Every structure is written in C-alpha cells, then in structure tokens.
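Derivation of every value follows stated rules applied to the coordinates shown; laboratory data play no part. None of these values were measured; they are calculated from a predicted model. Backbone-built Cβ (ideal geometry, glycine too); neighbour counts: all protein chains shown.
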Amino acid sequence: MSQLVHRPRGTKDLAGDEARQWEKLEAACYAVFTRFGYEPIRTPVMEPYALFSRSVGEVTDIVQKEMYRFTDRSGDEIALRPEGTAGVVRAYLQNNLSQERPVRKLYYCGPMFRAERPQAGRLRQFHQIGAEVFGSASPYTDAETMAVLAEVLRAAGITRFRFEINNLGSAEDRAGFGKVLQEFFKGKESSLCEVCQTRLGKNVFRVLDCKNPGCRELVATAPLVSDHVSDASKADFAKVQTLLTDLKLDWSHNPHIVRGLDYYTHTVFEVKHSGLGAQDALGAGGRYDGLVQSLGGPSTPAVGFAVGVERLFLAAAAEAAEALQAGHAPAEAPRSGVTVAALGDDALRGAFTLTQELRLSGIVCQMDVDGRSLKAQMRQADRSRSRYAVILGSAELAKGAASVKDLSASDASQAEVPLAELKSFFQKNLS
Ligand code: AMP
C-alpha cells in the first residue's frame, strides 16, 4: 500500500457532524450581521506581503515570526493573510467602496494563517469571523460593533463572555505616550529580554505585550496609555462605556490591553470566556482611524473585530459540558427527511426515480443504491435520523403504493400511501 499523506501540522479537517455544525454557525452569524445592516465581503487569502508589513506593523510578532511568506513564480512577495482587516481595507480602497455610501459596514469569514506553535486553541490555519465599519468616528459605532459581536457569540450558543476594553488614544496621543514609555524604560533596559531591547528603539509599544516574565514584571509598573490620551478621546471612551452599559453588555476597563497590532487607536477591546483555559480570548478588535490613510486612502475612521471560529466551538462545548454536569441533558437531534429503502432490482429503479422526484420537490431524501438488505437500510435510516422510511418492494410497486414508517413514533407504525400521493404526504407531515 502507498504511504498516507497527512495534513500539515496545526491544520484541521472538518467532516460529518462537525462540518455541518460549522455551516450552521456560519449561517447563524451571517443572519446576525444582516440584521445589523452589514454586507458580506470576500477577499483573497493571499495578499502582497507589503500590505501586512505596512498595516499590522513590521515590528510585530505576526509579521516578524508568524507570517507564511513566499516569492511566487513571477517574483512577487506574497503572504497568506494572518488576519482579515488589512485585506478588507485594501479591497475597500481598490473597489472604491466609499463611493456608494458614506458609512460601509462589512463582514467576512474565512481562513487565516499564522506559523505559531500548535497547541489547544492555537492552529496554523484557523478561521475568523469579523466585521469592519468604515466612515464613522462616533462612539455609537464602537458600541454597535461590540453589540453585533455579542450577538454573534450568542448565535454560536455562548452566553458567558465578557468584554475588556481600553483606550489607546489618537495617533498623536500614542506618539506622546511613546516618549513617556521611552523615558520609563531608560536605565531599566537590562531587565528586558533581548528582543524588547531592540523594540525600544523601533516600536516601544510592542514591549507592552511581550510574554517574557521579566518584561511583564517591569511592564506591570509602566505608565498606562489610557492616562495619556487627549480629553476628546477620554470623552469618547466614557461615552462608549455608557452605551455598553445601556446595551447591558458585561464589560470592564482593563488598562493593560494594548493589542498586538500597530494600527489600533482609541477604543480597543478583547472578549473573553472563562471556559477556554490559557487561550481565553474569543475575539478582539477596536478602532483604527489611521489605517485607511496609511494604506494610501483618504483619512477614514474605522472600527472592527474578529473572533476565532475554533474558539467559538471550544467555548460552546465548555458551556454545554457545564450544563450537562448541572443535570441538563442535551436534546436529541430531531428526526427529519426521508429514507427510501428498496427491495430488489425492479424496486431499486422505481425507488431511484421516486427519490429524485421527492428531492426536486424540496424534501431531504436519501437511499441506498448498493442493494443492501432491508435491515441494513433501516439501520442507516435510523443512524441518519430520518423521520420517515419508505419501503418499496415489487409487491408495493405492483400495487402502486408504498409502506411508510414513521420512525419517530414509539410503535414505528406503518401506513400504506399511494405513490402518487407521497409528495403531498411528506410536504404535509415534514415541517
Ligand atoms: P487576533 O487577530 O490575534 O486579535 O485574534 C483574534 C481572535 O482570533 C483570537 O481571539 C482567537 O479567537 C483567534 N485566533 C488568533 N490566533 C489564533 C490561532 N493561531 N489559532 C486559533 N485561533 C486564533
């Protein structure tokens, strides 16, 4: 036998129930976005490398260590997208999306790629559902963005989440705060890791989210960005807080959130779940008022978020496990659709046409075409949780009627239904 080929480390296959659950979740999330007035957008998974070095930031872990980057056959520097925002901004500009309406609300879902060390909740190909709003600087838009995120989580079956928010101020505030930080770290360089010592000169903000224990200890005593922002930014941040309270969202101010990407300004947030262990972030986002301009567009305020789809499933599973422990058994999957079981060659041909007719009239219908025994076909009908089984043998064909078994009835009662009436029978009885 030839050797099996395995998928790359840190990637996942989705099949069967799991793949179905993904489809359901995506559809539920899209419905939420539509309710909130967002439109879909799809962008390529590969983009020019420069898009990410210019937006996410040259001195970030994502760009320096985690990006899949290659030179293609024509010599272009390409990267697999590590996040969704930069590509959406590029598409917004390249397709003049601001022309039709001053405020554009967009959502996306798709794979992202980061060459991280795989562990629970951390993959190399993972998926994000995200949203971006262009053209509104209002704190109402920040609050609405968090509100739609909360609904996306609820659509995924998650209830126990909380927001942590912070204020990073404007680009000017950040530049001023950068100087305050430089001053703070002066004379303390030896307490920082080697990477952070180089970050001091290039991008001092990235020292704030270094994972090294020594750096973290020092950072815990560093000045806080939200204390060094303009009065206008403070007022907007206070407004966001009021609105979140009005919307009854569970939030707290965490002055240590800085986000690992360079483009954020003003309000930033993370949404966390206690059932996720060390990787407790379901998603994150915030305002990025300078990014559109820095990628060659006009000055455009913007705000957005992304949640990790795999983490949504982990959090929903954690909540379901807790409910089970508390004695709430999960509901059995409801029965639906029809299995047509054929006995013998002649019946198989008739069953094949019947199945096609039922499918074309919108009924979910399956059949075995490999001539298995009636017992095996009924077992399959049960496994796939069909609501009805139609049994068709030569006797039934001759009579022009089929035996129909209701698999949800405790006595599995059987009725004879004329073939010509099967379609309307199922249309009436299957909701
Ligand atoms: P970020 O773009 O880093 O703010 O990530 C936003 C969300 O995407 C996180 O909160 C996670 O839910 C998810 N995420 C980020 N990186 C990974 C990864 N390597 N594997 C799985 N999920 C991830």
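Which ordering of Tyr68, Tyr140 is given by a fewest-first count of other beta-carbon atoms within 10 Å?
Numbers: Tyr68 16, Tyr140 13.
Final ranking by Cβ density, sparse to dense: Tyr140, Tyr68.
Given labels modelled 7 Å from the Cα in the Cβ direction, how far is it in nm from Arg101 to Lys399?
My value for the distance between the label points is 5.9 nm.
What is the extension gain from Asn203 to Asp246, computed as 0.36 nm multiplied by their sequence separation minus the C-alpha to C-alpha distance, in nm to one decimal? Please list the in-between numbers first.
Numbers: separation 43, 0.36 × 43 = 15.48 nm, distance 3.69 nm.
11.8 nm is the gain from fully extending Asn203 to Asp246.
Taking the Cβ-Cβ separation of Ala171 and Ala115 as r and a Förster radius of 22 Å, what is the calculated FRET efficiency to the nearest 0.05? It would help to have the intermediate numbers written out before the result.
On the way: r = 30 Å, r/R0 = 1.36.
E between Ala171 and Ala115, to the nearest 0.05, is 0.15.
With each label point set 7 Å from Cα along the Cα-Cβ vector, what nm distance links Lys234 and Ala320?
So the two model labels end up 4.8 nm from each other.
Pick from Ala131, Ala318, Ala326: which is most flexible by mean-square fluctuation in a GNM of the chain where alpha carbon atoms under 10 Å apart are linked?
Looking only at Ala131, Ala318, Ala326, the largest GNM fluctuation is found for Ala326.
Quick check: residue separation of Ser361 and Asn429 times 0.36 nm, minus the Cα distance between them. What number comes out in nm?
The span from Ser361 to Asn429 would gain 23.1 nm if fully extended.
Go through 335-345, 292-302 and give me the packing order, highest mean Cβ count within 10 Å leading.
Put in order of decreasing packing, that is 335-345, 292-302.
Past 22 Å, Cα to Cα, is the threshold; run Lys202/Lys272; Lys399/Lys423; Lys12/Lys211; Lys65/Lys211; Lys65/Lys179 against it and keep the listed order.
Lys202/Lys272; Lys12/Lys211; Lys65/Lys179
Work through the residues other than Arg35 whose Cβ is under 13 Å from its Cβ and net out their charges, Lys, Arg +1 and Asp, Glu -1.
-1
Tell me what the chain gives for mean residue ellipticity at 222 nm when only DSSP H runs of n ≥ 4 count, each as -39,500 (n - 2.57), the sum divided by the residue total, rounded to 500 deg cm²/dmol. Spell out each step's value before the answer.
Numbers: 14 runs with 159 residues, N = 431.
Mean residue ellipticity at 222 nm (helix-derived): -11500 deg cm²/dmol.
Could you calculate the contour length gain from Arg9 to Ser299, that is, 0.36 nm times the residue separation minus the distance between their Cα atoms, to one decimal place in nm?
100.3 nm
Return the distance in nm (one decimal) between the two label points of a simple spin-label model at Lys179 and Ala31, each offset 7 Å from Cα along Cα→Cβ.
5.4 nm
Sort 171-180, 10-19, 381-390, 184-193 by the packing proxy (mean of other Cβ within 10 Å over each peptide's residues), most packed first.
381-390, 171-180, 184-193, 10-19
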